[in-house]
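Down below is the structure, laid out as structure tokens.
The values are calculated or read from the model by the stated rules, or taken from the named source; none is laboratory data. Just so we're clear, the structure is a prediction, and the values are computed from it rather than from any experiment. Heads up, the Cβs are rebuilt from the backbone with ideal geometry, glycines too, and the neighbour counts pull from every protein chain shown.
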Amino acid sequence: MKLIQTIFVLTSILLVSQARPIKAQSMNECMVQARRNSNSFSELIKLGRAQNLARQTAEVTNGGLGKYRPDSSMYGPMDGTPCTVNGDDIWTFTFKGTTPSSDVSFVETVVMVNHQTWEIMVDNTRLY
């Protein structure tokens, strides 16, 4: 687990240090908020952790990886992740999922993560 955390931090440092400009319109609300913070590096690390927690929570909520696969945006860069700022230190992730053998979404899951207390709440799971 410690090795995975170290790799994640090093990858995040590499991405931030590349100083690649990100167009404001391509960033989600969470990314904009994290980058405006006085300690933006720490906030971006928290945002990556929150993304992982939201994805893992959706996997468990929807029956595990044997029955469910989250949208690919939940695995990629944070600026492409469907995330909104909900206030009170809560980031809300709303994303779709498929069965392992399909590309057709059958469920939408809303997961809220408090990035100060790390409390996780599943607000909604809607079947198609």
Of the candidates SER73, SER101, the one satisfying the condition of being outside any strand (DSSP E or B), surrounded by 15 or more Cβ atoms within 10 Å (Cβ to Cβ) and among the polar types (S, T, N, Q) is SER73
Filtering the stretch 107-128 down to residues that are part of a loop (DSSP other than H, G, I, E, B), at pLDDT 95 or above and touching a helix residue (DSSP H, G or I) at 6+ places or on another chain (Cβ under 9 Å) yields TRP118
Condition met for GLN25 (loosely packed, with under 12 Cβ neighbours inside 10 Å and modelled with pLDDT under 95)
yes
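So that you can scan it fast, the table gives a plain yes or no per residue for (1) part of a helix (DSSP H, G or I); (2) without any contact (Cβ under 8 Å) to a residue 60 or more places away in the chain:
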residue	(1), (2)
GLY63	no, yes
LYS67	no, yes
ASP79	yes, yes
VAL85	no, yes
TRP91	no, no
SER105	no, yes
